[in-house]
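What follows is a set of notes on a single structure, which appears directly below.
Every number here is computed from the coordinates shown, using simple stated rules; none is lab data. Predicted model only: the values in this text are computed from it and were never measured. Positions of Cβ are backbone-derived with ideal geometry, glycine not excepted, and every protein chain shown enters the neighbour counts.
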């Protein structure tokens, strides 16, 4: 479900409140990967920007952990037809982790090593949804 609520803050990039499924895998450091396992975990986005995203997950992953992230963006036309784009695959770094609920954590993720095509796809999606 997409919400076109703008989150007003003084951050570098405009954020879009967004609720889509995300899959991630812990990449580095090795001791965190060993602790959480080398498998893909599903989470839900809270917001998305050109520079990063906020996730809701059951894993309290520590700051400075690198993640391989995959999610699919989409477009809804004026007739209500949904068109899905190819999945976005990007590396992110956990900047902060906060307890959200008794069994959920909010991860603040900064995108790293993003290519211009991926950056443009995310920027275009945010502009279309705003």
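Please report 79, 64 as a ranked list, fewest other C-beta atoms within 10 angstrom at the top and most at the bottom.
In order of increasing Cβ crowding within 10 Å: 79, 64.
Just to confirm my numbers, what's the Cα centroid distance between region 106-128 and region 15-65 in Å?
14
For residue 58 and residue 83, compute 0.36 nm times the residue count separating them, minus their Cα-Cα distance, and round to one decimal in nm.
6.1 nm
Could you identify which residue out of 74, 84, 111 has the top mean-square fluctuation in a GNM of the chain using Cα springs shorter than 10 Å?
Highest fluctuation among the options: 84.
Measure nothing fancy, just the Cα-based angle from helix 116-129's long axis to the longest principal axis of the chain, in degrees from 0 to 90, nearest 10.
Helix 116-129 sits roughly 60 degrees off the main axis of the chain.
Pick the calculated log10 I(q)/I(0) by the Debye sum over Cα atoms at q = 0.09 Å⁻¹ for this structure from (1) -0.50; (2) -0.38; (3) -0.25?
The value matching this structure is (3).
I want to make sure I understand the PRE zone here: with the label point 7 angstrom from the Cα of residue 115 toward its beta carbon, which residues in region 54-91 have backbone N atoms less than 18 Å away?
Counting only backbone N, you get 68-73, 85-91.
With springs connecting C-alpha atoms under 10 Å apart, model the chain as a Gaussian network and identify which of 13, 105, 31 has the largest mean-square fluctuation.
The residue that fluctuates most here is 31.
Okay, helix-only estimate at 222 nm for the chain: each DSSP H run of n ≥ 4 adds -39500 (n - 2.57), divide by all residues, round to 500 deg cm²/dmol; what do you get?
Taken over the chain, the calculation gives -5000 deg cm²/dmol.
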